[in-house]
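Novice: Sharing a structure, written as structure tokens. Questions coming.
The values are calculated or read from the model by the stated rules, or taken from the named source; none is laboratory data. Since the model is a prediction, treat every value here as computed from it, not as a measurement. Glycine gets a Cβ as well: all are built from the backbone with ideal geometry, and neighbour counts include every protein chain shown.
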Amino acid sequence: MKPPQTSPHWTIDTTLVHGGTLRSQFGETSEAIFTNSGFVYDSAEQAEARFKDEEEGFIYSRFSNPTVAMFEQRMAALEGAEAARATASGMGAVHAALISQVTSGDHVVAGRALFGSCRWIVEQLMPRYGVATTLVDGTNMDEWKAAIRPETKVLFLESPTNPALSLIDIEAVAAVAKEAGACLVVDNVFATPLGQKPLELGADVVVYSATKHIDGQGRCLGGIILASNAFIEEYVHDFLRHTGPAMSPFNAWVMLKGLETLTLRVPHQCATAATVADALVERDKITRVIYPGRDDHPEAAIARKQMSLGGTLVGFEVDGGKAGAFRFSNALQLVRISNNLGDSRSLLTHPATTTHHKLHEREKDKLGITPGFVRLSVGLESAADIIADIDRALAAV
Ligand SMILES: *Cc1c(COP(=O)(O)O)cnc(C)c1O
């Protein structure tokens, strides 16, 4: 195998096609899928050298695999990170990035508005192992500062948040983390790797559900952790090897294909989302529209500072509460009802009764998850067709 092909001089479009490519002796053009679990050695000495880290090479696909390694290298080049480790799902990445670096007695602070499973890890799982956690309103810097304790080890946030799309000032939270000697982990799924660069804003670790825009076509689960070599070596490397949430080589290959078209798909979907958001504001039966790319977003100044794309998600409130939102959802013909996002198909979800149904009403209110609120993930269809579908459905409300 030739060493991975990557150049720091390439533009992002080129990196996403060629970055990290490992070509075998057969000279395949597209990346090969290595579906083998193990690897053979030329000699007992070579096996010994591999295990002692004296010789580079693969040992076992739970540790690393050529197709998965290509995906990791390409993602590291895209994110501008020193190192990357892929996982079987986005939650595998979030779990490993957080749990691998804490021990009982440590303290974690997280923005309250989190993807449901992320919130479960922080609120339910960590305290079971003696890791204290505090949830704060991520948009309120005073709450972040007030939550810091001497034993605070990790700060965790997502921005834009799910599902209400509020924005957290990553640079400001990174400054709080630095002063506390804590590690800032950012779940960058909603912003996408093209729309926001947490490492440049001072974050220490970035995690993605690759299931979303990186695959981008609703086919495979996957996740990835991006950080410094030191962080990956100290915390993530052994944790992943010995607990086993490895990405399958087939999924890594699908993700590699997804990355090849990322710069064609995601900015296009963001532009469509902006057009849809602008149209929604004009509709009488829609009482509130939230889109990070619009000037009327409550944290528009933060969007201008840290996001180069408005994202593919639009939140809005349909008149008539839950009944109105359900009638609207059921009358859609092109946009499908699904809790997934970052797909080529436009998908709509009603967070209050699906992804966030377990939260107390009081918590839903705090997060802006009102009975009429829906979240639209804008796909690759034309803005005109999506807007026509929305108008048809609004007529049913
Ligand atoms: C989907 C998602 C996850 C979890 O990813 P999976 O691939 O479904 O495990 C985590 N965080 C955010 C923000 C997500 O949208």
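Novice: Considering only residues that are of a type in the set (A, V, I, L, M) and in a loop (DSSP other than H, G, I, E, B), look in the range 381-397 and name the one that is farthest from A323 (Cα to Cα).
Specialist: Only one residue tops the list, namely A395.
Novice: Can you find even one residue in the range 227-242 that is within 16 Å of the chain's Cα centre (by Cα) and within 25 Å of T6 (Cβ to Cβ)?
Specialist: Within the range 227-242, one or more residues are within 16 Å of the chain's Cα centre (by Cα) and within 25 Å of T6 (Cβ to Cβ).
Novice: For the range 108-149, how many residues meet the condition of being out of contact with any Asp or Glu (no Cβ under 9 Å at 6 or more places or on another chain), over 21 Å from H360 (Cα atoms) and of a type in the set (G, A, S)?
Specialist: 2
Novice: Across the range 239-265, which residue is farthest from P193 (Cα to Cα) among those that are away from the ligand (no atom under 16 Å from the Cβ) and among the hydroxyl-bearing types (S, T, Y)?
Specialist: Here the residue is T261.
Novice: Hand me the list of helices (runs of 4 or more DSSP H) wholly inside the range 138-212 holding 1 or more residues that are within 16 Å of the ligand (Cβ to nearest atom).
Specialist: Because the criterion is at least 1 residues that are within 16 Å of the ligand (Cβ to nearest atom), the helices (runs of 4 or more DSSP H) in the range 138-212 that meet it are 170-180, 192-195.
Novice: S100: polar (S, T, N, Q), within 11 Å of the ligand (Cβ to nearest atom), assigned by TED's automatic domain parsing to the domain that holds G218 and surrounded by fewer than 22 Cβ atoms within 10 Å (Cβ to Cβ), yes or no?
Specialist: No, not satisfied.
Novice: For the subset of the range 222-238 comprising residues that are surrounded by 18 or more Cβ atoms within 10 Å (Cβ to Cβ) and of a type in the set (A, V, I, L, M, F, W, C), which member is nearest to the ligand (Cβ to nearest atom)?
Specialist: Of everything passing the filter in the range 222-238, I224 is nearest to the ligand (Cβ to nearest atom).
Novice: Write out, first by first residue and then by second, each pair whose Cβ atoms fall under 7 Å of each other, whose residues are 6+ apart or on separate chains, and whose first residue, in the range 334-357, is without any contact (Cβ under 8 Å) to a residue 24 or more places away in the chain and closer than 18 Å to V318 by Cα while the second is crowded, with 16+ Cβ neighbours inside 10 Å and basic (K, R).
Specialist: Matching pairs, first to second residue: R336/R345.
Novice: Being in a helix (DSSP H, G or I) and touching a strand residue (DSSP E or B) at 6+ places or on another chain (Cβ under 7 Å) is the filter here; which residues of the range 63-89 pass it?
Specialist: Answer for the range 63-89, where residues must be in a helix (DSSP H, G or I) and touching a strand residue (DSSP E or B) at 6+ places or on another chain (Cβ under 7 Å): V68, M70, F71, E72, M75, A76, E79.
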